[in-house]
Structures are given as structure tokens and as C-alpha cells.
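> The structure under discussion is supplied below as C-alpha cells; questions concerning it will follow.
The values are calculated or read from the model by the stated rules, or taken from the named source; none is laboratory data. Fair warning: this is a prediction, and the values are worked out from it, not measured in the lab. Here the Cβ positions follow ideal geometry from the backbone for every residue, glycine too, while neighbour counts run over all protein chains shown.
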Amino acid sequence: MPYSTRELLARLIMCEAGGEGDTGMYAVASVIVNRTNIPYGEFFRVSGGGNIRAIIEQAGQFTCMKDSIGGVYNPQNVYNMDPQEIHYQIADWALSNNTLGAVANSLFYFNPYQPTCIEYFPPGGAGKYYTRIGQHCFYIPTQKYAKT
């Protein structure tokens, strides 16, 4: 049986940011919500104007949604997560269309595994560095994103 959107989001939050504390998990959930709310570009088309599940399941967006990476099994995926109450609370918060002001309208995040964040992400410049929360760097959309 497929997971409900709430369950899938709780698992994704745990998988993507479970080690980043509450603020980090709220920040990652906010990026997902931001992608459902942007009125133009790739994520607008993917979400169909607000479908959070379509954003979560968009191919190639979240490492935790992949069973394998480079042909090797990915043990850190949503199917191996056991969400706790905090993950469901954050999922419910996000499903109510809330976002964390600290990440503004960020559409992208990633962990650079180094102390500094690159200026643009993803490659090609669709996002410009905005802030760092824990190990994740957050990026707001650029004019290049508008053309996606």
C-alpha cells in the first residue's frame, strides 16, 4: 500500500534533515512548500499549482527518494525511515502551507560537506545562496530559474 502524503513527507523530512535539529527539518519542509507555491517555472508545472506529493515524487530531486544511487543500493531512503512524532508535526505544519521565514522563498538546498556554501545551486545558476542552517545551504530562485 502506498504511503499517504503525510507519511511520505514525514519520512522525507526525517531522511533529508533528521540530523539537522528542528530548525533544519522545518527549513527542508519549507523548501518543499515553497516549490508548491511558486507561480512560475519548473516547480509550478510539476506541482500543478500546489500538489505537494508531485513535488516530493519529482524524479531526481531528493536523494532520499532514490532506492539506488549510481547503481548502488541507497540505504538512506524514505522506505527505511521510522518517523517519530516530531516528523509528523513538521509534516502537518508544512501540509498547512506554513514556511520558515529564515529560508525565505528558497527552492533548493543541499549539504556541501564543507564549511562554506557555493554561490549558485543547482549547477546552471537557478538558485543563489541565501542562508545556511546546520549542514544545509539554502538557495532562492534567480532569473535563470524563471526560465526552467
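> Can you go through ARG132, ARG53 and tell me which one is under 25 Å from TYR3 (Cβ atoms), modelled with pLDDT of 95 or more and either touching a Phe, Trp or Tyr at 6+ places or on another chain (Cβ under 7 Å) or among the basic types (Lys, Arg) (or both)?
Going through ARG132, ARG53 in turn, the sole match is ARG53.
> Among the residues of region 4-29, which ones are part of a loop (DSSP other than H, G, I, E, B) and farther than 19 Å from THR99 by Cβ?
Within region 4-29, SER4, GLY18, GLY19 qualify.
> Could you list, in sequence order, all residues of region 52-73 that are touching a residue at least 12 places away in the same chain (Cβ under 8 Å), in a loop (DSSP other than H, G, I, E, B) and more than 15 Å from LEU107 (Cα to Cα)?
Matches in region 52-73: ASP67 only.
Yes/no matrix, rows are residues, columns are (1) of a type in the set (Val, Ile, Thr); (2) closer than 22 Å to ASN98 by Cβ; (3) surrounded by fewer than 19 Cβ atoms within 10 Å (Cβ to Cβ):
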position: PRO2; (1), (2), (3): no, no, yes
position: VAL31; (1), (2), (3): yes, yes, no
position: ALA54; (1), (2), (3): no, yes, yes
position: GLY60; (1), (2), (3): no, no, yes
position: LYS66; (1), (2), (3): no, no, yes
position: ASN77; (1), (2), (3): no, no, no
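> Then there's this: In region 83-120, which residues are small (Gly, Ala, Ser) and without any contact (Cβ under 8 Å) to a residue 12 or more places away in the chain?
SER96, GLY101
> What number of residues within region 127-148 satisfy the criterion of being more than 17 Å from THR63 (Cα to Cα) and either surrounded by fewer than 14 Cβ atoms within 10 Å (Cβ to Cβ) or in contact (Cβ under 8 Å) with a residue 40 or more places away in the chain (or both)?
Within region 127-148, residues that are more than 17 Å from THR63 (Cα to Cα) and either surrounded by fewer than 14 Cβ atoms within 10 Å (Cβ to Cβ) or in contact (Cβ under 8 Å) with a residue 40 or more places away in the chain (or both) number 8.
> A further question on this structure: Give me the residue from region 112-130 that is touching a Ser or Thr at 6+ places or on another chain (Cβ under 8 Å) and not in a loop (DSSP other than H, G, I, E, B) and, out of that set, nearest to LEU100 (Cα to Cα).
The residue in question is TYR130.
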